Amino acid sequence: MQNFRSWFVALITIVVFLILGFSAWLYSQIDGSLPQLDGKKTIYGLSTSASVERDSNGIATIKAANRLDLAVATGFVHAQERFFQMDLLRRNAAGELSSLFGKVALDYDKAIRVHRFRDRARAIVKQLPVDQYNILKSYTRGVNQGLELLHAQPFEYLFLQTDPVAWQEEDTILAVFSMYIDLQDEYGDLEQTLGTLETLFPPEVFNFIAPQGSKWDAAIDDSQQTWAQLPTSAWPAASPSNNSSKTLSVIREQLIASQALADVEHLPGSNNWAVSGQISTTKSAIVANDMHLGIRVPNTWYRARFEYKTERGESIAITGATLPGAPNMIVGSNGNIAWGFTNSYGDWHDVITLETNEDKSAYLTPDGYQDFTYQEQMIAIKDQKSASLQVRETIWGPVIGEDHQGNLLAYRWVAHDLNAVNLNIINMEQATTVEQAFAVAATAGVPAQNLMVGDSLGNIGWTIMGPIPRKSSNFGRTPKSWSNGEHQWQGYLSANEYPKVYNPAQLRLWTGNSRVVGGENFEKIGSGGYALGARSQQIRDRLMAKEQFDEQALLDIALDDEALFLQRWQQLLLEQVLTEANIAQQPHWREVKQYLTTEQLSADSESVAYRIVRNFRLEVRNLVFTPLIEQIVNVAPDFKAKPLYRKIESPLWLLVSQQPNNYLLQPFDNWQALFAQALTETLDEMTQEQSLAEATWGQQNTGAIQHPLSKAVPILGTLLNLDMPAEPMSGDTYMPRVQGKTFGASERMIVSPGHEQSGIFHMPSSQSGHPWSPYYGNGHQDWQQGKPSSFLPGKTKYSLTLLSY
């Protein structure tokens with residue numbers, strides 16, 4: 001017995017030591033992956049020493065003797081702070097996530113490989129001008145040394161049980177391609193959706209469901225497009241003979257599972273606006289920008305300030321946001337100009353209906369039938385054999401699938417061309433006027449954006465930054481055959497053809513992902529699925545309501561969560577649903593009416609009224625359109641309704657306001673019954689195991705801003721404290737303050753060039769990607785609460801000197 005006890009004690013002692021040893025090793029690995037913040041480090045590629053100064057929030061001021069040295073230092077900093085994020089960006093575009101995460105990512109990789117972005121990135125690198133290639137090479141050197149000089153590999157790889165792969169020049173191009181995927185339609189879903197509708201419905205019904213314009217249009221030139229008109233004939237789902245035995249809720253669940261339907265109505269976009277120096281307190285222009293993206297930990301952007309000298313000896317100082325993976329400033333101010341972006345949603349891609357021979361081995365072109373070409377793609381899968389994929393291609397682009405009639409579809413996309421990506425945006429760092437920024441915009445290789453720019457002289461301007469294809473005619477809303485040469489791209493617009501607006505008479509400019517201009521300028525840009533103009537309109541009206549602006553006044557617009565868009569839905573509820581007769585039948589509705597008559601309608605996190613009206617509208621939308629979508633899916637199983645949600649408000653409101661009987665969908669006898677059902681379902685959802693008073697908008701819209709590892713392995717999120725606090729969020733979709741649980745303003749910037757000291761910058765999540773960083777999560781609360789925080793970096797707290805060999 002004594003021996004057993006001795007052996008048992010020895011065993012426990014060994015186990016304890018093993019646990020302690022493993023814990024110490026694990027701690028050393030996580031701690032060793034922290035970036036070096038102070039001291040000195042010698043790295044290759046610098047012509048002389050450079051420095052990296054960080055403030056208490058980790059905002060880096062990178063000082064270098066020239067632009068190449070700056071690229072080396074920037075790459076070093078990006079890698080030490082954000083290499084895992086950079087890795088995800090390149091793999092996302094290249095279709096190489098399976099080698100990191102295994103088979104779970106294989107379907108995504110197979111789908112994205114149709115674009116062959118790594119092949120295209122290599123081709124782009126080979127044809128870059130020498131000066132741009134040298135910057136890219138310098139940045140790549142900095143990245144790989146930043147990674148190599150960490151005491152341990154980034155902690156994410158420890159838990160994934162894999163090693164990071166060195167950065168290559170082409171990976172920066174892939175990082176930009178990843179933004180193409182995020183900001184543009186990589187599979188032509190909207191065009192395919194509209195094409196299906198066009199084949200199934202007569203023109204009057206098609207134009208009703210998918211209108212070009214609406215009462216919410218807010219173009220900066222006051223142009224209008226055709227509004228939805230109520231058709232005379234009903235759609236098939238309104239017929240009793242088509243009524244399904246399934247309940248609408250069951251139908252809706254099935255459609256969501258098949259991805260034909262979705263609850264969300266937000267889309268990647270942004271707000272930006274500018275005021276002229278004639279109406280600003282600084283006498284310079286003031287530019288405001290908040291770019292709406294999915295929000296994660298760490299944030300998409302990395303805040304920085306660049307200081308260097310040009311070849312002419314001029315000093316450059318530029319502050320703003322960078323994209324880890326790229327050597328340039330994305331948005332910011334250099335003291336002479338300030339600029340920001342919103343996604344343009346122009347027509348930068350076309351779905352092509354192929355006319356094939358009988359066995360689909362060849363397709364018709366203006367020069368006759370041609371055989372398809374095939375490119376083999378090998379996809380590495382972690383811990384498994386690689387998978388092979390054959391990408392079928394045409395002279396116009398890859399084959400992306402079939403339509404519901406069995407026709408093969410090809411895809412023509414700006415992202416497939418050599419001019420899709422370049423480093424010309426770096427020239428914004430040295431631009432001094434709006435006109436010079438316009439010139440840069442017309443040559444920049446980025447996903448086409450609405451560029452909003454203002455200068456220290458007080459001028460303001462808008463244009464498109466990014467390649468604009470020149471088309472043979474006005475086509476591209478729905479898939480077309482290109483077999484006879486009628487439809488084709490004819491190169492790209494030259495700089496002097498670019499649409500632009502300079503110093504408008506109203507002294508104000510604004511964009512919010514809706515259509516910006518009409519007429520000839522619109523014909524150049526086209527439509528790739530604009531947002532409803534409600535957000536742009538609210539920004540415009542706020543700008544027109546004041547005569548003079550400072551930075552705080554523009555921040556107030558950015559934080560505006562008043563629900564002007566929903567006011568007519570509030571009135572509908574009060575006048576047609578919450579009547580005394582209905583309340584007599586449903587006494588608990590009186591509390592609903594009290595909220596709607598006493599609360600100002602805004603997406604405040606504490607609002608109950610907002611949640612009621614918002615969700616009531618969505619329930620009405622679902623009850624009205626779900627049977628229709630089911631009918632479409634029965635004919636076209638791959639149909640996706642989500643792209644229609646961008647402008648679904650126009651036909652929806654026509655129906656609920658005019659209430660035509662021939663569009664009253666089964667099983668409802670009248671529109672009031674449909675409204676009552678929508679309110680009942682809204683309240684049932686809100687009051688599950690709680691009172692209505694507890695059912696605030698913030699309860700539904702609680703932040704879920706997570707690190708990718710936390711999503712994959714939740715226990716790591718808890719153990720390492722990876723995620724941002726789950727707190728109620730104010731804001732929503734159809735207002736300037738766009739905010740969802742995991743979506744919203746990835747930054748807010750308000751700055752007047754030459755007056756950066758009074759500028760404002762918010763950024764959610766974290767500047768650092770490491771949970772043990774001393775500034776992990778710093779600044780997040782300012783972003784959430786709307787508290788003004790400085791555009792410029794603060795006092796230096798950490799100082800690192802990079803020495804040259």
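Assuming a viscosity of 1.002 mPa s and a temperature of 20 °C, what translational diffusion coefficient in µm² per second does Stokes-Einstein assign to the range 602-702, Rh being the Kirkwood radius over Cα pairs? All intermediate terms of the calculation are to be shown ahead of the outcome.
Numbers: Rh = 15.1 Å.
Result for D is 142 µm²/s.
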Original post:
Any idea what log10 I(q)/I(0) is at q = 0.07, 0.08, 0.10 Å⁻¹ for the chain, Debye with uniform C-alpha scatterers and no solvent?
Top reply: -0.55, -0.72, -1.13
Original post:
Which is farthest toward the positive dipole end of the chain among THR702, SER602, ASN57, measuring Cα position about the Cα centre, with Cβ charges +1 (Lys, Arg) and -1 (Asp, Glu)?
Top reply: ASN57
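Could you give me D for the range 120-219, from Stokes-Einstein at 20 °C and 1.002 mPa s, where the hydrodynamic radius is the Kirkwood radius over C-alpha pairs? Units µm² s⁻¹, please.
Estimated via Stokes-Einstein, D reaches 117 µm²/s.
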Subject >> Accessible-area value, LEU596, 1.4 Å probe, nucleic acids and ligands omitted, Å² >> reply: 10
**OP:** Determine the relative contact order of the range 720-805: mean sequence separation of Cα pairs under 8 Å and six or more apart, normalised by residue count, in whole percent.
**Re:** 22
Original post:
So for the range 508-651, what are the equivalent ellipsoid semi-axes in whole Å, largest first, each being the square root of 5 times an eigenvalue of the Cα gyration tensor?
Top reply: 31, 27, 11
Subject >> Estimated vicinal HN-Hα couplings, Hz - the range 575-589 in sequence order (Karplus 6.51, -1.76, 1.60; Gly, Pro = x) >> reply: 8, 10, 10, 8, 7, 4, 5, 5, 5, 4, 7, 10, x, 5, 6
**OP:** Quick one: work out Rg over Rh on the C-alpha atoms of the range 637-782, Rh as Kirkwood radius.
**Re:** 1.10
Subject >> Peptides 298-307, 99-108 ordered by average Cβ neighbours within 10 Å, highest first >> reply: 298-307, 99-108
**OP:** Please report how far the C-alpha centroid of the range 477-530 lies from that of the range 138-184, rounded to the nearest whole angstrom.
**Re:** 35
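As a test of reading the structure, rank HIS588, HIS780 by solvent-accessible area (1.4 Å probe, protein chains only), most first. Don't skip to the answer; put the middle values down first.
Details: HIS588 105, HIS780 5 Å².
The most accessible residue leads, giving HIS588, HIS780.
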Subject >> Positive-end residue of SER47, THR162, GLN436, charge dipole of the chain with Cβ unit charges >> reply: SER47
Original post:
Any idea of LYS741's accessible area? Nearest 10 Å², probe 1.4 Å.
Top reply: 100
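Quote the FRET efficiency, to the nearest 0.05, computed for GLN127 versus GLN567 with a Förster distance R0 of 45 Å and r equal to the Cβ-Cβ distance.
Numbers: r = 53 Å, r/R0 = 1.19.
It comes to 0.25.
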Original post:
Given a Förster radius of 25 Å and the C-beta distance between LYS41 and TRP772 as r, what FRET efficiency does 1/(1 + (r/R0)^6) yield to the nearest 0.05?
Top reply: 0.80
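Can you sort VAL620, VAL635, VAL501 by 1.4 Å-probe accessible area, starting with the largest? Write down the numbers at each step before the final one.
Working: VAL620 0, VAL635 75, VAL501 30 Å².
Ranked from most to least accessible, the order is VAL635, VAL501, VAL620.
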Subject >> Ordering of 364-371, 452-459, 600-607 by packing [mean C-beta count within 10 Å, highest first] >> reply: 452-459, 600-607, 364-371
Subject >> Nearest-ten-degree value, helix 189-200 long axis tilted from longest Cα axis of the chain >> reply: 20
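Take the solvent-accessible surface of the protein heavy atoms, probe 1.4 Å, and return the percent of it on the chain that carbon and sulfur atoms account for.
Numbers: 15720 of 31180 Å².
In the chain, the share of accessible area belonging to carbon and sulfur is 50 percent.
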**OP:** Whole Å is fine, so just give me how far the alpha carbon centre of the range 336-372 lies from that of the range 57-121.
**Re:** 27
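Sort the following peptides by mean Cβ neighbour count (other Cβ atoms within 10 Å, averaged over residues), highest first: 536-547, 162-173, 683-694. Write down the numbers at each step before the final one.
On the way: 536-547: 18.2, 162-173: 20.0, 683-694: 12.3.
Per-residue Cβ counts within 10 Å, averaged per peptide and sorted highest first, yield 162-173, 536-547, 683-694.
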Subject >> Mean Cα-pair separation over length for the range 465-551, i.e. relative contact order, pairs under 8 Å, 6 or more apart, % >> reply: 27
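If you count the DSSP beta bridges with both ends in the chain, what percent of them are antiparallel, to the nearest 5? Write down the numbers at each step before the final one.
On the way: 88 of 100 bridges.
Counting DSSP beta bridges with both partners in the chain, the antiparallel share is about 90 percent.
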Original post:
Taking Cα atoms, how many degrees apart are the long axis of helix 130-148 and the longest axis of the chain, rounded to 10 and kept between 0 and 90?
Top reply: 70
**OP:** Write down Rg/Rh for the range 734-791, rounded to two decimals, with Rg from the C-alpha atoms and Rh from the Kirkwood relation over Cα pairs.
**Re:** 1.02
Original post:
If the cut-off is 18 Å between C-alpha atoms, which lysines fall inside it for LYS41, apart from same-chain ones fewer than 8 positions away?
Top reply: LYS63, LYS797
Subject >> Coordinate range along principal axes, alpha carbons of the range 417-507, Å, largest first >> reply: 51, 32, 19
**OP:** With everything on Cα atoms, drop me the angle between helix 117-126 and the longest principal axis of the chain, reported from 0 to 90° to the nearest 10.
**Re:** 50
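Grab the eigenvalues of the alpha-carbon gyration tensor for the range 285-391, scale each by 5, take roots, and send me the semi-axes largest first in whole angstrom.
Details: eigenvalues 403, 100, 55 Å².
Taking √(5λ) for each Cα gyration eigenvalue gives 45, 22, 17 Å.
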**OP:** Kindly provide log₁₀ I(q)/I(0) values, in the same order as q = 0.11, 0.17 Å⁻¹, from the Debye equation applied to equal alpha-carbon scatterers of the range 322-442.
**Re:** -0.65, -0.95
**OP:** With a point put 7 Å past each Cα toward its Cβ, work out how far SER223 is from ASN503 in nm, to one decimal.
**Re:** 2.3
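Send over a whole-number figure in Å² for the accessible area per residue of the range 110-153, probe 1.4 Å. Mind dumping the intermediate values first?
Working: 1930 Å² over 44 residues.
Here the per-residue accessible area is 44 Å².
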**OP:** Can you give me the P(r) profile for the range 134-188? Cα pairs, bins 10 angstrom wide beginning at 0, each as a whole percent.
**Re:** 21, 35, 33, 11, 0
Original post:
Using 1/(1 + (r/R0)^6) with R0 = 25 angstrom and r between the beta carbons of ASP550 and SER56, what's the FRET efficiency to the nearest 0.05?
Top reply: 0.45
Original post:
Counting pairs of alpha carbon atoms under 8 Å apart in space and at least six apart in sequence, what relative contact order in percent does the chain give?
Top reply: 21
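The values are calculated or read from the model by the stated rules, or taken from the named source; none is laboratory data. Since this is a predicted model, take the numbers as computed values, not measurements. Note that we place each Cβ from the backbone using ideal geometry, even for glycine, and neighbour counts take in every protein chain shown. Note: accessible area is taken over every heavy atom of the protein model, side chains too, but ligands, DNA and RNA are not part of it. Shrake-Rupley method; radii C 1.70, N 1.55, O 1.52, S 1.80 Å.
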